[in-house]
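Below: one structure, written as structure tokens.
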């Protein structure tokens, strides 16, 4: 079902609710009846309905007046997962509280398939608060943000008054995450290297030892404790000095080639999210460029952004 977009005049728009259409229809009908019959009671009812409509318009405009919104110029979420886009709303009015405010992002071109606006029940004078918009996108990529809309139905919900704010930004949708078992991760990253096996927080089992104060209780061998009454813990190989280079073939070939490339991209992103926090230096090799192995949160974001916009090449393009 295609939703009709409101028309904006001076960055404002009005849409009718069901209740609003009923009130306007009743006012028009009562007005015609009052003119045709000359009944004073109908004139009073007509005047009352028109007053409600005018008061609703004035109060809704005052409700939206001097509301500022700040949103991060660059935000990100993962494809296939619900993400949260926080908007900070500030009421710079000195005396009037604003009520029933919802904020929604406007995208230039395609946007996430599912958008649930952020909502605030009230915003006191001089105060600010966070309204988190819920977004779900099925496809990775860069989504351009062209602005925001603040909507209110205050005070009687006869109309939805919309204020549009121009605010450019970028929403990065990272590749969809794939659940990878630890054993599968070990198989993928296992290879000949000269790294020294040292106890640490890695993924590969190294040895056991007696439990010491401060050890993670999740590493205790409880079956051994049940048999002997002695607590020992597992130690894992420290991934210090280990480098992993993930190779992504982003050339689509044959039937289902594009889907295969998308899965490889998701697998590379999932491995990066898994390995970099464990201390691994992770790099990328693709048909559209490469990233040198490094570690750290900034490097992980760089890999995810690179994979988010990595094109799926045709056989001729990739050659």
May I ask you to derive the FRET efficiency for residue 253 and residue 168 from their Cβ-Cβ distance with R0 = 35 Å, giving the value to the nearest 0.05?
-> 0.40
Dimensionless Rg over Rh [the range 66-174; C-alpha; Kirkwood] | 1.00
Candidates 278, 305, 187, ranked by Gaussian network fluctuation over the chain, Cα under 10 Å, top entry | 187
State the extension gain, in nm to one decimal, for the chain segment bounded by residue 74 and residue 234, taking 0.36 nm per residue of separation less the distance between their alpha-carbons.
-> 53.5 nm
Area projected by the alpha carbon convex hull of the range 17-63, averaged over all directions, nm² | 3.2 nm²
Difference of contour (0.36 nm per residue) and Cα-Cα distance, residue 129 to residue 26 = 33.2 nm
By the Kirkwood definition, with r running over pairs of different Cα atoms, the range 243-318 has a hydrodynamic radius in Å of 12.5 Å
In degrees, nearest ten, helix 18-37 long axis to first principal axis of the chain (Cα) | 10 degrees
In the Gaussian network model of the chain, springs joining C-alpha atoms below 10 Å, which of 134, 224, 87 carries the largest mean-square fluctuation?
-> 224
Dimensions in Å of the chain - Rg and Dmax from alpha carbons = 29.4, 100
Extending each Cα 7 Å along its Cβ direction at residue 219 and residue 8, get the distance between those two points in nm, one decimal.
-> 5.5 nm
How do 147-158, 47-58 rank on mean C-beta neighbours within 10 Å, highest first?
-> 147-158, 47-58
Taking only Cα atoms, what is the 0 to 90° angle, nearest 10, from helix 297-308's long axis to the longest principal axis of the chain?
-> 70 degrees
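Values quoted throughout were computed directly from the atomic coordinates according to the rules given, and no laboratory measurement underlies them. Computed from a predicted model, the values in this text were never measured in an experiment. When we count neighbours, we look across all protein chains shown, and the Cβ atoms used for this are built from the backbone with ideal geometry, even at glycine.
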